[in-house]
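*Asks:* Below are the structure tokens for one structure; questions will follow.
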Amino acid sequence: MNNSPVFVVDDDADVRDSLRALLESDGFRVEDFDSAAAFLTALTPGRGICLVVDVRMPDMDGLTLQEEIARRGVALPIIIVTGHADVPLAVRAMKAGALDFIEKPYDDELMLSSVHRAREQTISQQAQSSSAREAEARVAALTPREREVLEHLVGGQPNKVIAHELGISPRTVEIHRAHLMEKMQARSLSDLVRIALTAGVQAAGA
């Protein structure tokens, strides 16, 4: 994350240079683009702290760029830079998921604060994504029967009910539960259920 860039997209070279100087003075690495099309060519999922983009640009404006990023399924916090007359557009961008909108001429501290907030959001999203991938890998290592027992546990069913539902003995359910705890690296039943939910496991019959 330390080397991840802040992306700046603006057709005004002076604005790009000003933002680059501001962000680099606070320790951020910057990659700037003069158009939405140029940025989209370089866009890679999972890369970057955030995008700072002007709402009004020729060819493709900031809102259309935001929509295209969402269409591609890329999670990237977006900070909209807007003129006073563009505030309704910026509000639309916020409703569509933008992190913030900042009016021109922007205050340096406000811009830096917003980028720092975007950085924290990106770190949190990446941690959640990593946890989900890890949980999915643990679930993938289960046998079909262990997966069935897990789905019933996620549904809140006790051992006796699970045994009846699956046509096995309560003792066999206990053995499967022990294997589940070990394979899923869970410290408790609640931990087991949390990991299962993180991996997208649905309760039996859901």
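The values are calculated or read from the model by the stated rules, or taken from the named source; none is laboratory data. Since this is a predicted model, take the numbers as computed values, not measurements. Because the Cβ atoms are built from the backbone with ideal geometry, glycine has one as well, and the counts that use them run over all protein chains shown. Heavy atoms of the whole protein, side chains included, go into the accessibility calculation; ligands, DNA and RNA do not. Shrake-Rupley method; radii C 1.70, N 1.55, O 1.52, S 1.80 Å.
*Asks:* For region 142-159, which residues satisfy the criterion of being assigned to a loop (DSSP other than H, G, I, E, B) and under 15 Å from V193 (Cβ atoms)? Steps first, answer last, please.
*Replies:* Of the residues in region 142-159, the ones assigned to a loop (DSSP other than H, G, I, E, B) are 142-143, 155-158.
Hits for region 142-159 are L142, G155, G156, Q157, P158.
*Asks:* Only one residue in V139, V115 is touching a Lys or Arg at 6+ places or on another chain (Cβ under 9 Å), surrounded by 15 or more Cβ atoms within 10 Å (Cβ to Cβ), in contact (Cβ under 8 Å) with a residue 40 or more places away in the chain and part of a helix (DSSP H, G or I), so which one is that? Reasoning before the result, please.
*Replies:* Details: V115 fails: touching a Lys or Arg at 6+ places or on another chain (Cβ under 9 Å).
Unique residue meeting the criteria: V139.
*Asks:* Inspect region 1-17 for any residue being of a type in the set (S, T, Y) and farther than 21 Å from Q125 by Cα and give the result as yes or no.
*Replies:* Among the residues of region 1-17, not one is of a type in the set (S, T, Y) and farther than 21 Å from Q125 by Cα, which makes the answer no.
*Asks:* Let me spell it out: the conditions are (1) without any contact (Cβ under 8 Å) to a residue 40 or more places away in the chain; (2) open to solvent by 70 Å² or more (accessible area, probe 1.4 Å), and D108 meets all of them except one. Which number is the exception?
*Replies:* (1)
*Asks:* Collect the residues in region 181-206 that are within 17 Å of A132 (Cα to Cα) and either open to solvent by 80 Å² or more (accessible area, probe 1.4 Å) or assigned to a helix (DSSP H, G or I) (or both), keeping them in residue-number order.
*Replies:* Result: K183, Q185, S190, D191, L192, V193, R194, I195, A196, L197, T198, Q202.
*Asks:* Then there's this: Of the numbered conditions (1) within 29 Å of the chain's Cα centre (by Cα); (2) under 30 Å from D17 (Cα atoms), P105 fails exactly one; give the number of that condition.
*Replies:* (1)
*Asks:* State yes or no: is R29 out of contact with any Phe, Trp or Tyr (no Cβ under 6 Å at 6 or more places or on another chain), under 28 Å from A127 (Cα atoms) and among the basic types (K, R)? Outline the logic, then answer.
*Replies:* Numbers: out of contact with any Phe, Trp or Tyr (no Cβ under 6 Å at 6 or more places or on another chain): yes; under 28 Å from A127 (Cα atoms): yes; among the basic types (K, R): yes.
Yes.
*Asks:* Determine which single condition E174 fails, assuming it passes every other condition in (1) at pLDDT 90 or above; (2) out of contact with any Pro (no Cβ under 7 Å at 6 or more places or on another chain); (3) assigned to a helix (DSSP H, G or I); (4) open to solvent by less than 40 Å² (accessible area, probe 1.4 Å).
*Replies:* It is condition (4) that E174 fails.
*Asks:* Return only the number of the condition from (1) surrounded by fewer than 17 Cβ atoms within 10 Å (Cβ to Cβ); (2) closer than 13 Å to H116 by Cα that D12 does not satisfy.
*Replies:* Among (1) surrounded by fewer than 17 Cβ atoms within 10 Å (Cβ to Cβ); (2) closer than 13 Å to H116 by Cα, the lone unmet condition for D12 is (2).
*Asks:* Hey, another quick one. For region 17-101, give me every one of the strands (runs of 3 or more DSSP E) that falls completely inside it and has 1 or more residues that are surrounded by fewer than 19 Cβ atoms within 10 Å (Cβ to Cβ) and at negative phi. It would help to see each step written out before you state the result.
*Replies:* On the way: elements: 29-33, 50-54, 78-82.
The qualifying strands (runs of 3 or more DSSP E) are 29-33.
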